[in-house]
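Asks: This is the structure I have questions about; it appears just below.
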Amino acid sequence: MKVFRGLPNAAARAPCALTIGNFDGVHRGHQALLARVRAAAKSLGLEAAVMTFEPHPREFFAHKAGDMSKAPPRIANLRDKLGSLATNGIDRVIVEHFSDSFASLSPQDFTERVLVDGLHVKWLMVGDDFCYGARRAGNVAMLMEAGRRHGFHVEALPTVMNGDIRISSSAVRTALSQGDFGQAEQLLGHPYSISGHVIHGAKLGRTIGYPTLNLRVPHRPALGGIFIVQVHGLADGPLPAVASLGVRPTVEDAGRVLLEVHIFDFAGHCYGKQVKVEFLRKIRDEEKFIDLPTLTAAIDRDAAEARAFFAARGTHVEERSGAITATDRI
């Protein structure tokens, strides 16, 4: 899959079947849309393409307004989004930098500069609630009319439902915020996970008996707290673990979000490796404790609950005295 930061240059442009959206989480509704784009591209001899945005438009406007609480929490980082798009058979992705200049394009300019000249669109699919252009002035009816003028076909995909629930990124965020990973999996079509490269941490965990591998989370995530997880990418199968996702209020006040994972019964070098952390169950919300001994006691309880969970699934986990040693370096 080819990934372009902004519109491809003239030499790299190719006629395509395109869809446009934020695709946060690439849930089952997105997957239905991508399947239709892929089928259209194949039948017309075109490349299957996606245009998405970074930052998320609502995040951009929230930042301009000075109120980031208005920005939606992220389901997936850009790496995971691109991985999901590749898995769904997309040939090329245009990651458009969402900026003042892009936001100010009129619907006509968006059609002519972006769709026609910039991407050579021949077939386009959008959601039935799609809006575009400055102040979201363009709608699906206008887009269809523009397609007739410029020679590209437009289709609108109806809402995809899961029972009586509309499958949407908002519904996925709600499920994740409530720790309902079963519902999130139904909406996503796969278990929820976060991937990233293992980075150096403050190494506090090893001083209290719980060394961790750490992943940076660049955007406000759709969930937070203490979780039972399993880690993919360090062994032939998933490794049982307990994780904290949040701002570490007991030991830091910087407000940066970090995913810290303590793997049970594992030895190996982890720095720089790419791993995937799959979330299985929420234990509790993040808390600020009065001191490190109180924090350690809470982690003891969290680890015991995680060990019991894995034992019930038939996964052997060492007691704390036999926990990982290699991540003492992390």
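The values are calculated or read from the model by the stated rules, or taken from the named source; none is laboratory data. This structure is a prediction, so every number in the text was calculated from the model and none was measured. Because the Cβ atoms are built from the backbone with ideal geometry, glycine has one as well, and the counts that use them run over all protein chains shown. All accessible areas refer to the heavy atoms of the entire protein, side chains included, with ligands and DNA or RNA removed. Shrake-Rupley method; radii C 1.70, N 1.55, O 1.52, S 1.80 Å.
Asks: Out of LEU119, LEU124, LEU115, LEU85, report the one residue that is in contact (Cβ under 8 Å) with a residue 40 or more places away in the chain, over 19 Å from ALA156 (Cβ atoms) and surrounded by 16 or more Cβ atoms within 10 Å (Cβ to Cβ). It would help to see each step written out before you state the result.
Replies: Details: LEU119 fails: over 19 Å from ALA156 (Cβ atoms); LEU124 fails: over 19 Å from ALA156 (Cβ atoms); LEU115 fails: over 19 Å from ALA156 (Cβ atoms).
Going through LEU119, LEU124, LEU115, LEU85 in turn, the sole match is LEU85.
Asks: What number of residues within segment 1-20 satisfy the criterion of being open to solvent by less than 30 Å² (accessible area, probe 1.4 Å) and in a loop (DSSP other than H, G, I, E, B)?
Replies: 3
Asks: Find all pairs meeting these conditions: Cβ atoms under 9 angstrom apart; at least six residues apart or on different chains; first residue within segment 274-289 and under 11 Å from GLY224 (Cα atoms) and free of Cβ contacts under 8 Å to residues at least 40 places away in the same chain; second residue among the β-branched types (Val, Ile, Thr) and in a strand (DSSP E or B).
Replies: So the pair list comes out as GLU287/ILE226.
Asks: Tell me whether segment 158-172 contains one or more residues that are surrounded by fewer than 17 Cβ atoms within 10 Å (Cβ to Cβ), more than 23 Å from ARG5 (Cβ to Cβ) and of a type in the set (A, V, I, L, M, F, W, C).
Replies: Keep residues of segment 158-172 that are surrounded by fewer than 17 Cβ atoms within 10 Å (Cβ to Cβ), which gives 158-159, 161-166, 170.
From what's left, more than 23 Å from ARG5 (Cβ to Cβ): 158-159, 161-166, 170.
After this cut, where a residue has to be of a type in the set (A, V, I, L, M, F, W, C) as well, the list is 161, 165.
Yes, there is a match, as at least one residue in segment 158-172 is surrounded by fewer than 17 Cβ atoms within 10 Å (Cβ to Cβ), more than 23 Å from ARG5 (Cβ to Cβ) and of a type in the set (A, V, I, L, M, F, W, C).
Asks: Of the conditions (1) touching a residue at least 24 places away in the same chain (Cβ under 8 Å); (2) within 18 Å of the chain's Cα centre (by Cα), LEU7 satisfies every one except a single condition; which number is it?
Replies: Every condition holds for LEU7 apart from (2).
Asks: For GLU47, indicate whether it is open to solvent by 10 Å² or more (accessible area, probe 1.4 Å), of a type outside the set (A, V, I, L, M, F, W, C) and farther than 27 Å from ALA175 by Cα. So that I can check it myself, show each step before the final result.
Replies: Working: open to solvent by 10 Å² or more (accessible area, probe 1.4 Å): yes; of a type outside the set (A, V, I, L, M, F, W, C): yes; farther than 27 Å from ALA175 by Cα: yes.
Against the criterion (open to solvent by 10 Å² or more (accessible area, probe 1.4 Å), of a type outside the set (A, V, I, L, M, F, W, C) and farther than 27 Å from ALA175 by Cα), GLU47 qualifies.
Asks: Also, quick follow-up: Limited to segment 163-173, what total is found for residues that are under 17 Å from VAL26 (Cβ atoms), out of contact with any strand residue (DSSP E or B) (no Cβ under 7 Å at 6 or more places or on another chain) and either assigned to a helix (DSSP H, G or I) or of a type in the set (D, E, K, R) (or both)?
Replies: Count: 5.
Asks: When the residues of segment 236-281 are narrowed to those that are at pLDDT below 90 and of a type in the set (Phe, Trp, Tyr), which ends up least open to solvent (accessible area, probe 1.4 Å)?
Replies: Only one residue fits best here, namely PHE266.
Asks: Given (1) out of contact with any Ser or Thr (no Cβ under 6 Å at 6 or more places or on another chain); (2) surrounded by 19 or more Cβ atoms within 10 Å (Cβ to Cβ), identify the lone condition not met by ARG148.
Replies: Against the list (1) out of contact with any Ser or Thr (no Cβ under 6 Å at 6 or more places or on another chain); (2) surrounded by 19 or more Cβ atoms within 10 Å (Cβ to Cβ), ARG148 comes up short only on (2).
Asks: Take the conditions buried (at least 16 other Cβ atoms within 10 Å of the Cβ) and part of a loop (DSSP other than H, G, I, E, B) and apply them to PHE23. Does it pass?
Replies: On the way: buried (at least 16 other Cβ atoms within 10 Å of the Cβ): yes; part of a loop (DSSP other than H, G, I, E, B): yes.
For PHE23, the condition - buried (at least 16 other Cβ atoms within 10 Å of the Cβ) and part of a loop (DSSP other than H, G, I, E, B) - is met.
Asks: Does ALA304 meet the test of being more than 26 Å from the chain's Cα centre (by Cα) and loosely packed, with under 13 Cβ neighbours inside 10 Å?
Replies: Numbers: more than 26 Å from the chain's Cα centre (by Cα): yes; loosely packed, with under 13 Cβ neighbours inside 10 Å: no.
It is false that ALA304 is more than 26 Å from the chain's Cα centre (by Cα) and loosely packed, with under 13 Cβ neighbours inside 10 Å.
Asks: Further, regarding this structure: Among the candidates ILE94, ILE90, which residue alone is surrounded by 20 or more Cβ atoms within 10 Å (Cβ to Cβ), of a type in the set (A, V, I, L, M, F, W, C) and touching a Gly at 6+ places or on another chain (Cβ under 8 Å)? Step through it out loud before you land on a result.
Replies: Numbers: ILE90 fails: touching a Gly at 6+ places or on another chain (Cβ under 8 Å).
Residue meeting the stated conditions: ILE94.
Asks: Another question, if that's okay. Return the residues of segment 1-40 that are more than 29 Å from ARG173 (Cβ to Cβ) and polar (S, T, N, Q); say none if nothing qualifies.
Replies: ASN9, the sole residue that qualifies.
Asks: Would you mind finding the one in ALA235, ALA146, ALA241, ALA184 that is over 16 Å from the mean Cα position of the chain (by Cα) and part of a helix (DSSP H, G or I)? Walk me through it before giving the result.
Replies: Working: ALA235 fails: part of a helix (DSSP H, G or I); ALA241 fails: part of a helix (DSSP H, G or I); ALA184 fails: over 16 Å from the mean Cα position of the chain (by Cα).
Of ALA235, ALA146, ALA241, ALA184, the one residue that is over 16 Å from the mean Cα position of the chain (by Cα) and part of a helix (DSSP H, G or I) is ALA146.
Asks: Please give the helices (runs of 4 or more DSSP H) falling wholly within segment 38-139 in which 3 or more residues are under 18 Å from the mean Cα position of the chain (by Cα) and among the small types (Gly, Ala, Ser). Before you say what the answer is, go through the steps one by one.
Replies: Values: elements: 57-65, 78-87, 100-103.
Qualifying helices (runs of 4 or more DSSP H): 78-87.
Asks: Right, another one. Could you pull out the residue among LYS42, LYS64, LYS70 that is among the basic types (Lys, Arg) and closer than 22 Å to PRO8 by Cβ? Reasoning before the result, please.
Replies: Numbers: LYS64 fails: closer than 22 Å to PRO8 by Cβ; LYS70 fails: closer than 22 Å to PRO8 by Cβ.
Of the residues listed, the single one that is among the basic types (Lys, Arg) and closer than 22 Å to PRO8 by Cβ is LYS42.
Asks: Mind checking which residues of segment 173-185 are within 30 Å of ASN139 (Cα to Cα) and either surrounded by fewer than 19 Cβ atoms within 10 Å (Cβ to Cβ) or small (Gly, Ala, Ser) (or both)? Break it down stepwise before answering.
Replies: Taking segment 173-185 first, the residues within 30 Å of ASN139 (Cα to Cα) are 173-175, 184.
Passing the criteria: THR174, ALA175, ALA184.
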